[in-house]
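Undergrad: Shown below is the structure under consideration.
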Amino acid sequence: MHVNAKTDIYGIIGHPIGHSLSPLLHNAAFESINLNSVYISFDVYEENLKDAILGIKALGIKGMNVTVPHKENVMKYLDYVSDEAKLIGAVNTIKNNNGILEGYNTDVTGFTESLKEHGIEVEGKNAVILGAGGAARAIAVGLSLTGVRSIIIANRSKEKARNLSIYIKNNLGINCIDVTYNDLNQLEEIDILVNVTSVGMSPNINLSPVDENVVVKAKFVYDIIYNPEKTLFLSYAEKHKIRNLNGFDMLINQANHSFKIWTGVNFNKNIILNILKKKDFVK
Ligand code: ATR
């Protein structure tokens, strides 16, 4: 990478931001197609969010990813927000289009595309989502937009599960109910089971959001966590030979969509995967 006076700047804002893989990913992608661009992480406190967004315009930063805790709050500072991002209620990608700040959400397509790539049919299926936070909402919207028949939302906080299920029913017209984790024991069969909680994420790798007896009911199991590569939750699926997927493909796909929004082209996923492998992020 040769930074000079013509280098375009991209980045990610969030807090904390130290563990993000995005700088590695996007810088590798820029380099792979010889773009004179650089991607930097910015640790932005909530009280500085507005100034940071104004700074994108003032400094002529070309594009920005947005992560926790700013994905929702950032929307009010943008000039345009896509319909999909509005539906999800969160923006993870900003494009500076000649001084007009446009907001998009690539998490949803990142998720639905990873299902497609692995041949997982969503249409007409029933899904169980564990979690009811911002990421769970994106997953619920994604499943709804790809034709899921029904969604069951289980969450520790009953109120959040209720709010999300009402939101999905009212805005996407999908049959959606909320339950407790205990209620999941009553289910006979689950087509698609998705963990969208942070339970099991490194360093708490000995935890799973649900027990093995719930996981065995599923035909397909997805964990959006990618660190560790195989959570305890996924290891239950593996043990019973149930098809399963971790969050790595979603991460790569959402990054690729952001990259396309900024540059007009996709990066080559295999090149990026090889670079991450060399750095030991992928086995
Ligand atoms: P994100 O934007 O990543 O979804 P979030 O909005 O903080 O982050 O949501 C985190 C999710 O993980 C929530 O569903 C949360 O459950 P609560 O709504 O009950 O807080 C879930 N979660 C986090 N830690 C948990 C734990 N120890 N046990 C069960 N659920 C947990």
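The values are calculated or read from the model by the stated rules, or taken from the named source; none is laboratory data. Computed from a predicted structure; not experimentally measured. No Cβ is skipped: glycine too gets one built from the backbone with ideal geometry, and neighbour counts run over all protein chains shown.
Undergrad: Residues to consider are ALA5, ALA52, ALA90, ALA58; find the one that is assigned to a loop (DSSP other than H, G, I, E, B), over 26 Å from THR112 (Cβ atoms) and not aromatic (Phe, Trp, Tyr).
TA: That would be ALA5, the only listed residue that is assigned to a loop (DSSP other than H, G, I, E, B), over 26 Å from THR112 (Cβ atoms) and not aromatic (Phe, Trp, Tyr).
Undergrad: Answer with yes or no whether VAL148 is surrounded by fewer than 21 Cβ atoms within 10 Å (Cβ to Cβ), modelled with pLDDT of 95 or more and under 19 Å from the mean Cα position of the chain (by Cα). Full working, then the answer.
TA: Values: surrounded by fewer than 21 Cβ atoms within 10 Å (Cβ to Cβ): no; modelled with pLDDT of 95 or more: yes; under 19 Å from the mean Cα position of the chain (by Cα): yes.
Judged against the criteria, VAL148 is not a match.
Undergrad: Being under 20 Å from GLU72 (Cα atoms), of a type in the set (A, V, I, L, M) and out of contact with any Leu (no Cβ under 8 Å at 6 or more places or on another chain) narrows it down to one residue among ILE177, ILE168; which is it?
TA: Going through ILE177, ILE168 in turn, just one is under 20 Å from GLU72 (Cα atoms), of a type in the set (A, V, I, L, M) and out of contact with any Leu (no Cβ under 8 Å at 6 or more places or on another chain): ILE168.
Undergrad: Can you report the number of residues in region 121-133 which are over 24 Å from VAL199 (Cα atoms) and touching a residue at least 40 places away in the same chain (Cβ under 8 Å)?
TA: 2
Undergrad: I want to confirm something. Restricting to region 39-93 and keeping residues that are touching a residue at least 60 places away in the same chain (Cβ under 8 Å) and touching an Asp or Glu at 6+ places or on another chain (Cβ under 9 Å), which single residue is surrounded by the fewest Cβ atoms within 10 Å (Cβ to Cβ)?
TA: Ranking the qualifying residues of region 39-93, first place goes to LYS62.
Matching residues to (1) in contact with a helix residue (DSSP H, G or I) (Cβ under 7 Å, 6 or more places away or on another chain); (2) in contact (Cβ under 8 Å) with a residue 60 or more places away in the chain:
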site: ASN175; (1), (2): no, no
site: THR180; (1), (2): yes, no
site: ASN185; (1), (2): yes, no
site: GLU212; (1), (2): yes, no
site: PRO228; (1), (2): no, no
site: ARG243; (1), (2): no, yes
site: LYS260; (1), (2): no, no
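Undergrad: Can I ask one more? When you look at ALA28, is it within 23 Å of the chain's Cα centre (by Cα), in contact (Cβ under 8 Å) with a residue 40 or more places away in the chain, crowded, with 16+ Cβ neighbours inside 10 Å and assigned to a helix (DSSP H, G or I), yes or no?
TA: The answer is yes for ALA28.
Undergrad: A further question follows. Give me the helices (runs of 4 or more DSSP H) completely within region 130-242, filtered to those with at least 3 residues that are within 16 Å of the ligand (Cβ to nearest atom) and touching a strand residue (DSSP E or B) at 6+ places or on another chain (Cβ under 8 Å), ordered by residue number.
TA: Of the helices (runs of 4 or more DSSP H) lying wholly inside region 130-242, those with at least 3 residues that are within 16 Å of the ligand (Cβ to nearest atom) and touching a strand residue (DSSP E or B) at 6+ places or on another chain (Cβ under 8 Å) span 134-145, 158-172.
Undergrad: Considering only region 63-76, I want to know if a residue exists there that is among the acidic types (Asp, Glu), on the phi < 0 side of the Ramachandran plot and at pLDDT 95 or above.
TA: Within region 63-76, one or more residues are among the acidic types (Asp, Glu), on the phi < 0 side of the Ramachandran plot and at pLDDT 95 or above.
Undergrad: Can you tell me which residue in region 106-129 is nearest to the ligand (Cβ to nearest atom), limited to those that are part of a loop (DSSP other than H, G, I, E, B) and β-branched (Val, Ile, Thr)?
TA: Residues of region 106-129 that are part of a loop (DSSP other than H, G, I, E, B), as a first pass: 106, 118-125.
If we keep only those that are β-branched (Val, Ile, Thr) too, we end up with 106, 120, 122.
Details: THR106: 15, ILE120: 21, VAL122: 20 Å.
This residue is THR106.
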